1. Here are the criteria: (1) out of contact with any Pro (no Cβ under 8 Å at 6 or more places or on another chain); (2) in contact (Cβ under 8 Å) with a residue 40 or more places away in the chain; (3) of a type in the set (Phe, Trp, Tyr). Tell me which single one residue 173 does not satisfy.
2. Is there any pair linking a residue in segment 122-142 that is over 13 Å from residue 100 (Cβ atoms) and in contact (Cβ under 8 Å) with a residue 12 or more places away in the chain to one that is small (Gly, Ala, Ser) and surrounded by 14 or more Cβ atoms within 10 Å (Cβ to Cβ), with Cβ under 9 Å and at least six apart or on different chains, and which?
3. Can you tell me which residue is modelled with the highest pLDDT among those in segment 201-218 that are more than 21 Å from residue 87 (Cα to Cα) and either assigned to a loop (DSSP other than H, G, I, E, B) or not β-branched (Val, Ile, Thr) (or both)?
4. If you take the residues of segment 73-90 that are surrounded by fewer than 17 Cβ atoms within 10 Å (Cβ to Cβ) and not aliphatic (A, V, I, L, M), which of them is modelled with the lowest pLDDT?
5. Which residues, taken from segment 148-183, are loosely packed, with under 13 Cβ neighbours inside 10 Å and in contact with a Ser or Thr (Cβ under 6 Å, 6 or more places away or on another chain)?
6. Which members of segment 130-147 meet the condition of being surrounded by 13 or more Cβ atoms within 10 Å (Cβ to Cβ) and hydroxyl-bearing (Ser, Thr, Tyr)?
7. Within segment 65-90, how many residues turn out to be in contact with a Leu (Cβ under 7 Å, 6 or more places away or on another chain), in a strand (DSSP E or B) and among the charged types (D, E, K, R)?
Amino acid sequence: MGVRHRSANRDRNTEAGFTLVELLVGVALFSLLAILLVNNVGFGFRAWQRGTVHAAQFERTLVAQDLLRRLIGNLYPMLVTEGGTQYIDFDGGPQSLGFLADAPVVAGSGGRFRYRIFVERQKGGANLIMSATPELARPNDNTLTRRTVLVPDIETAEFSYFGAEVSNRVLQWQDSWIERIDPPSLVRIRIAFRAADAQPWPDLVIAPRITADVSCVYDPGTRRCRGR
């Protein structure tokens with residue numbers, strides 16, 4: 001009777017709790033699950049952060065390209081005369097572009113602005129900058145000039161212009177368009193980012209819509225404008 005009683009007590013004690021080995025195994029499994037859960041949460045958070053950054057970069061690219069497309073598409077080829085030479089007010093180089101276009105909406109006024117798109121290099125990188133100055137501002141007065149960072153942290157930016165060569169009149173892409181009588185048929189902007197930066201920037205090709213200075217004085221002899 002006593003033996004059966006001790007055996008029954010031992011069985012009840014075994015069923016009522018865990019041994020030390022079972023407890024240690026349970027703790028180890030729980031720790032492993034917690035580590036896996038934390039790692040998965042961290043990976044998901046980092047992926048969400050990267051996705052948010054890429055979405056913001058893509059949105060900024062769209063805004064910058066839309067702004068450039070509207071401004072360059074509406075550039076005004078004002079004809080000027082200087083030292084007996086006539087040319088339009090358009091200064092296109094391989095890393096900068098200057099032109100006249102309508103005032104931005106935020107200016108709240110009419111008239112035209114002189115825009116300049118250029119690469120500004122600084123320590124550790126470069127930015128694509130746009131400056132805007134009212135057309136009638138004094139030449140040395142920079143108080144009315146507004147600067148905007150269009151695309152930050154770029155590696156290089158290249159401007160090229162499609163039109164006829166001065167010498168042979170062959171249509172081709174050129175890296176400069178300075179002191180010409182007509183605007184280029186197309187303006188192309190290429191931007192490259194650093195190797196670790198995968199921002200999208202497809203080639204931006206823009207066709208200026210206004211091809212002549214409608215306010216110029218027409219010369220019936222040359223069938224061209226006389227300039228201002």
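The values are calculated or read from the model by the stated rules, or taken from the named source; none is laboratory data. Values in this document were obtained by computation on a predicted structure and should not be read as measured data. Reconstructed Cβ throughout: ideal geometry from the backbone, glycine too, with neighbour counts over all protein chains shown.
1. Condition (2) is where residue 173 drops out.
2. Correct list of pairs: 126/157; 128/64; 128/157; 130/64.
3. Checked segment 201-218; the qualifying residue modelled with the highest pLDDT is 204.
4. Of all residues in segment 73-90, those surrounded by fewer than 17 Cβ atoms within 10 Å (Cβ to Cβ) come to 73-74, 80-85.
Checking which are not aliphatic (A, V, I, L, M) leaves us with 73-74, 81-85.
Working: 73: 94, 74: 92, 81: 83, 82: 83, 83: 82, 84: 79, 85: 85.
Selected residue: 84.
5. 173, 175, listed by residue number.
6. The answer is 131, 133, 145.
7. Total satisfying the criteria: 0.
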